Amino acid sequence: MSYLRAVLNNNTALEIKHLENIIKYGKKLGHNTSKYEKELAKIEKRENTTSSKTATKNKVQKTQTAKKVTKTKPKPKTNSLNYTVKNVYTKNNMIVIDFYTNITKKHIDYSIDKTKYSNLYLFDIKGSFKDARPTKLEISGIDRIYIIQKQKSLLHIKVRDKNKLNPIYIVNKKQIIIKFLNIGSNVNSNTTKTNTNRNIINVNRYKRKVVVIDAGHGGKDVGAVGSNKKYEKKVVLAVGKYLYNILKKRGYDVYITRKGDTFIEVRNRTILANKKNADIFLSIHANSIAKSKAHKVKGVETFFLSPARSARAKRVAAKENSSDVRSMSLATKNSFLTVLNQSKITASNKLAIDVQQNMLYTLQQKYKDTVDGGVREGPFWVLVGAQMPSILIEVGYISHPTEGKRLYKSSYQKLLANGIANGIDSYFLKNP
């Protein structure tokens, strides 16, 4: 666990020290330490590269000081008329807006205006685009798209269609991507062109991604129990199946750990994910709390694997780990050492954020009272064996009088599944 703490605290010196000890004693015990040797070599290479760059930089600085060289401060790079938007174009079922500088979610405002005859989707983009007037945007399957420089610093994109569309948008550094999820698959592969060069995004890149869904509990392990014997195992299986079908339609390679009311040991749930070389692993659960607080606590939250940082995370982890009887033995610690590394923790955190945001947004479109439980860290045994970014999703409190009833409705389960799927889309668009 000392090694884990070093990784989580970004203490490279301690990380190297503990890795050397793991390798030293692992070899004495006859264990395979190749993974740790590779990790150590990677860290040492990174540290040597950093030290070399630092030494070179210091040498250059000393030389410049000795020669008393005076340089004119370079002028910052700007576009000709200080336009902030570099380019706007379409690719299949997406509208892509490229900026010259990094942006945030505050750069886009989205609203819907529905009439008897059509649906109007409005996107106000903070920015100025030189070629707004000549640019024509088209997506096969959408009636019409307008692009207008409405004000000096406000770019207006309107999407009109007689059918109900399902748009999401992703903000990624210097780019906004507006994606329409329910457009037919036979979309126009041509790209709307302006006189600005650009890199074309392959929107089908996530179709090769492998996703493994784990519907928590099952069989003799019913999970949490709500009023009138509402079992967690039934709720999460339903959500898992809906998610499975949605992702299949979007082109993912999808697998699910159980399709019926069967019991699978916690330690075996990641075997399928590792066998299929999955890109991500998601375990779906429903939360609960003591009857004395049941009417007060509700909401959705998403966890990623890490030592618990809060009492709430520890409580949820204890509940979900209850069907596993393992203690913190040496073998268990070695499991943690095998799977917990900084890159996986970071990727799992990013996945958790995207899923939580999109799940919450989708639910709040219909249920304004949905509570955001946030993204949290927790020591969940079901995630330990996964060799890829993995998260545990708590889709709501089955113990809550109102939320518990919603969790048993198919319409609510479909909303949850759509939100999770949108989060997966968002994650892979940002992390190809």
Check: When only residues in the stretch 409-432 that are modelled with pLDDT under 95 and not in a helix (DSSP H, G or I) count, which is surrounded by the fewest Cβ atoms within 10 Å (Cβ to Cβ)?
Finding: Pro432
Checklist line | Residue pairs meeting the criteria (Cβ under 7 Å; at least 6 apart or on separate chains; first of a type in the set (Gly, Ala, Ser), in the stretch 265-285; second part of a helix (DSSP H, G or I)) | finding: Ser283/Val382; Ser283/Leu383
Check: Cβ-Cβ below 7 Å, separation at least six or inter-chain, first residue in the stretch 337-350 and small (Gly, Ala, Ser), second modelled with pLDDT of 85 or more and crowded, with 19+ Cβ neighbours inside 10 Å: which pairs?
Finding: Ala347/Pro389; Ser348/Phe304; Ser348/Pro389; Ser348/Ser390; Ser348/Ile391
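At least 1 residues that are of a type outside the set (S, T, N, Q), surrounded by 13 or more Cβ atoms within 10 Å (Cβ to Cβ) and without any contact (Cβ under 8 Å) to a residue 24 or more places away in the chain in each: list the strands (runs of 3 or more DSSP E) lying fully within the stretch 96-166 that qualify.
Working: elements: 108-114, 119-126, 144-151, 154-161.
In the stretch 96-166, the matching strands (runs of 3 or more DSSP E) lie at 108-114, 144-151.
Scan Val171, Val203, Val212 and give me the residue that is modelled with pLDDT of 90 or more, β-branched (Val, Ile, Thr) and surrounded by 18 or more Cβ atoms within 10 Å (Cβ to Cβ). Steps first, answer last, please.
Values: Val171 fails: modelled with pLDDT of 90 or more; Val203 fails: modelled with pLDDT of 90 or more.
Unique residue meeting the criteria: Val212.
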Next item on the list: Sort out which residues of the stretch 240-263 are closer than 23 Å to Ile183 by Cα and aliphatic (A, V, I, L, M), and write them in order of number.
Entry: Leu243, Ile246, Leu247, Val254
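The values are calculated or read from the model by the stated rules, or taken from the named source; none is laboratory data. Just so you know, these numbers come straight off a predicted model, no measurement behind them. Neighbour counts run over all protein chains shown; Cβ positions are idealised from the backbone, glycine included.
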